[in-house]
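A quick write-up on the structure given underneath.
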Amino acid sequence: MASSDQPADPQCLVVDIHTHMYPPPYINLLKSRTTVPYIRAFADDPAGLRLVILPGEDSPANPSTSRGRPVGPEYWDVAQKIAFMDRHHIRTSVLSLANPWLDFVDDEAAAVEMAVRVNDWFEETCARYAGRLYAFAVLPMKAGVAAIQAEIQRLKGLQWIRGVVMGTTGRGDGLDDPGFLRVWQTLAETSTITFLHPHYGLPSDLYGLQNANYGHVLPLALGFPLETTIAITRMILAGVFSDLPDLKVLIAHSGGALPFLAGRIQSCIEHDSHLKKAGHKPINILEILSRNIYLDAVIYSDIGLRTATQAVPQGRVLFGTDHPFFPPLEGESKWPSVQTNVDAILKGLETSDAHRVLGTNAIELLNLTT
Ligand code: 5CU
């Protein structure tokens with residue numbers, strides 16, 4: 001298949017389902033903080049504000065990441081999002097709050113208030129750009145289960161919200177926490193799709209003593225997708241998908257390593273004497289992949305992309321960009337991170353399948369009017 005700077009067929013509608021923003025109230029929250037996550041300027045750096053969000057990212061022990069990344073209006077200004085979409089021939093975007101969402105807001109009332117403000121900002125912003133913008137909403141994770149459920153129900157009354165975005169820790173004990181099952185139940189009952197996204201990575205000692213020389217490569221390239229893989233495997237082992245066959249989870253970064261490791265995970269389950277003795281319910285990962293799982297196409301190579309499309313049924317892989325993360329380093333106007341994903345789709349798939357991944361799958365799954 002051809003590689004080009006835009007989809008081969010100009011009739012192909014491109015929909016970006018992995019594209020982030022920090023609405024102004026959330027930016028103000030980050031600016032008010034002095035511990036990670038925060039936004040601040042550094043006196044010796046005239047280049048401007050820095051966004052420091054990842055765990056341990058401000059550690060002096062790791063100067064290669066210790067000031068996070070530059071942050072500017074591309075993170076909060078909707079006009080910049082639309083300009084980016086126009087430049088890259090993206091017709092419609094499904095926005096989501098970027099990590100770490102509201103995971104760090106421990107106070108129940110503050111978490112609920114910020115969730116409502118952020119979600120209402122997305123609703124109003126999408127309404128102003130009807131057909132071009134939709135959004136995944138955020139949940140007040142550190143509020144009680146009842147408060148989370150109430151927000152999920154409230155979202156059903158909003159016109160432009162198409163699901164929720166969530167990290168891997170849930171209310172603090174992970175997505176396989178028995179106490180979290182009631183949240184999954186409400187998401188399933190309300191047919192709310194969950195966009196599962198990493199943030200925490202792996203324990204940094206796994207990256208070794210030389211990690212200080214490696215910038216963000218290990219946490220982002222490996223920590224993020226492995227974190228997601230572990231989170232979803234824990235949900236599988238806990239029987240969440242067996243209990244809730246209608247639950248729909250859209251996994252970031254093409255499911256991390258799940259498509260590649262599904263067979264190994266299944267084999268380990270079948271060979272595990274503890275599970276057998278404990279009378280664990282049978283688990284069929286291929287069935288879960290075909291029934292409950294959707295994957296984005298943010299994988300940057302045709303090899304990974306083909307694996308993703310083979311792991312789930314047709315119609316379940318959806319284009320994304322991860323904008324505004326991974327900006328061009330040299331000031332190019334086009335973002336190579338976007339182009340690499342488009343090229344992987346065009347190279348890896350037949351034209352009709354490529355067009356489905358680039359847009360039609362999202363339009364159908366999320367009921368978008370473009
Ligand atoms: O560059 C990064 O740190 C990130 C991030 O934090 N979140 C994301 O979605 N992509 C890249």
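Each reported figure results from applying straightforward, stated rules to the coordinates on display, with no laboratory input. In this text the structure is predicted, and so the values were computed from the model without any measurement. Cβ atoms come from the backbone with ideal geometry, glycine included; neighbour counts cover every protein chain shown.
Using Cβ contacts closer than 10 Å as the measure, can you line up LEU226, LEU295 from fewest to most?
Ascending number of Cβ neighbours within 10 Å: LEU226, LEU295.
Can you give the Rg/Rh ratio of segment 1-113, where Rg is from the C-alpha atoms and Rh is the Kirkwood radius?
Reported Rg/Rh, Kirkwood definition of Rh: 1.06.
Based only on other Cβ atoms within 10 Å, what is the fewest-to-most ordering of VAL94, VAL145?
Result, fewest neighbours first: VAL145, VAL94.
Sum -39500 (n - 2.57) across every DSSP H segment of at least 4 residues in the chain, then divide by the residue count to get the 222 nm mean residue ellipticity, nearest 500.
So the calculated ellipticity at 222 nm is -10500 deg cm²/dmol.
So if I take the centroid of the Cα atoms in segment 41-107 and the same for segment 152-221, what is the distance between those two points in Å?
Cα centres, segment 41-107 to segment 152-221: 17 Å.
When you take every Cα atom in segment 210-331, what is the radius of gyration, and what is Dmax, the widest Cα pair distance, in Å?
16.4, 59
For the residues THR65, THR125, THR321, THR169, what sequence is obtained by ranking on other C-beta atoms within 10 Å, fewest first?
Fewest to most other Cβ atoms nearby, the residues stand as THR125, THR169, THR65, THR321.
For a quick check, take a GNM of the chain with Cα springs below 10 Å and name the residue from ALA137, ALA311, ALA83 with the largest mean-square fluctuation.
ALA83
Which far-off residues, 5 or more places away or on another chain, put their amide H under 5 Å from the one on ARG40, with H placed in the peptide plane?
Residues meeting the amide H criterion: ARG50, VAL52.
If N is the number of residues in the chain, what value comes out of its Cα radius of gyration divided by 2.2 N^0.38 Å?
Against the compact-globule rule of thumb, the ratio is 0.96.
How far is the Cα center of segment 287-318 from the Cα center of segment 250-266, in Å?
Taking the Cα centre of each part, segment 287-318 and segment 250-266 sit 9 Å apart.
Given R₀ = 30 Å, what would the calculated FRET efficiency be for ASP272 paired with LEU206, taking r from the Cβ atoms and rounding to 0.05?
So, using R0 = 30 Å, E works out to roughly 0.80.
What distance in nm separates the two pseudo spin-label positions at ALA150 and ASN28, each 7 Å out from Cα along the beta-carbon direction?
About 2.2 nm, to one decimal.
Quick one: Debye curve from the alpha-carbon atoms of segment 147-197 only, equal weights, vacuum; give me log10 I(q)/I(0) at q = 0.16, 0.24, 0.32 Å⁻¹ to two decimals.
Log10 I(q)/I(0), no solvent term: -0.43, -0.95, -1.41.
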